[in-house]
Amino acid sequence: MTASTTPIAFSSYPHDRIGHRRTDEDWLAEVWASDATRVLVVAGTRIQLVDGSYAWVSPAQAPEGTRVLLGERDGVVSFAVITDSVNAGPDWVPLRGLVLAVTEDEAALVVHAIGIAEWIWATRHCVRCGGSYEVMHLGHVLRCTDCGREEFPRTDPAVIMVVTDGEAPDDRCLLGRHPSWPPGRYSTLAGFVEPGESIEQAVRREVLEESGIGVGEVEYFGSQPWPLPRSLMIGCLAKATSVDISVDGEEIEDARWFTREQMKAEAEAGTLLLPGGISISRSLIEHWYGEALPGQW
Ligand SMILES: [Zn+2]
């Protein structure tokens, strides 16, 4: 559920993950023998693009590798097969490149496949005994071959928020910029949720740390999986309780309050560069603004 009808990329066209099939050997043999089944080959953590589209193959065409059940949509079952990264040629693209090429109907499947591949790649040894892991449950469990410990894929929650002051339509929106960004680029504030912290507390802490602005009311907006490498961006609408900005100078070099008129004029002039349409940051800003805005990174 989202608090608005503003679309959020990667989130609007999910597949059925059919988790109960991950241990169903008979079912697996049946769908793997079907030409209707699709396989996305992941070499290390890269995917092949052919003419800008993902190179889905049939099970018969798929190389040997770790099978990952992604799920089912519109009656079609999709898998990933993870192979060694040495199989990746020059037309194999890492996720950062895929994010820009991703189409909405494929996004959730690709993000799922890459997320599992990244997790298996990064999780080499058992955290309890240092033993080796074997892949179980069609890519969704790693089990230590020595002590039997089971490891599950993890997601790191991060909050991302549009902070506003006053009442619409005269309220202003707070955006900040990172020191390394090119001139004119601004975005919503964001940060990781710390252990023991609620979403609301993380929003208030991050906004205060980065901009000096106090936040009271926090409302959930919507979320977006962001697998670079494994974040879940939790979008929030935050009401400011103060207006005087004091940036930390490290994570945020500058922060500004924008009126709708200022944002439109500067975005049209190209002096303000807003985040790309695929990001939840863009969705948050346009939700506040009330309609689409021109220009992007
Ligand atoms: Zn172990």
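Values quoted throughout were computed directly from the atomic coordinates according to the rules given, and no laboratory measurement underlies them. Every value quoted in this text rests on a predicted model; they were computed, and no experiment measured them. Heads up, the Cβs are rebuilt from the backbone with ideal geometry, glycines too, and the neighbour counts pull from every protein chain shown.
Summary table
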read-out	value
Strands (runs of 3 or more DSSP E) fully within segment 180-297 counting 3 or more residues that are within 25 Å of Leu95 (Cβ to Cβ)	189-192, 215-226, 231-240
Sole residue being surrounded by fewer than 19 Cβ atoms within 10 Å (Cβ to Cβ) and on the phi > 0 side of the Ramachandran plot, chosen from Gly277, Gly212	Gly212
Condition check for Ala60: surrounded by fewer than 18 Cβ atoms within 10 Å (Cβ to Cβ) and among the aliphatic types (A, V, I, L, M)	yes
Search result, residues across segment 110-161 that are within 16 Å of the ligand (Cβ to nearest atom), loosely packed, with under 15 Cβ neighbours inside 10 Å and among the hydrophobic types (A, V, I, L, M, F, W, C)	Val127, Cys129, Met136, Cys147, Phe152
From Gly52, Gly89, residue being surrounded by fewer than 14 Cβ atoms within 10 Å (Cβ to Cβ), of a type outside the set (Asp, Glu) and on the phi > 0 side of the Ramachandran plot	Gly52
Subset tally (residues that are surrounded by fewer than 17 Cβ atoms within 10 Å (Cβ to Cβ) and either within 16 Å of the ligand (Cβ to nearest atom) or touching a residue at least 60 places away in the same chain (Cβ under 8 Å) (or both)) for segment 92-109	4
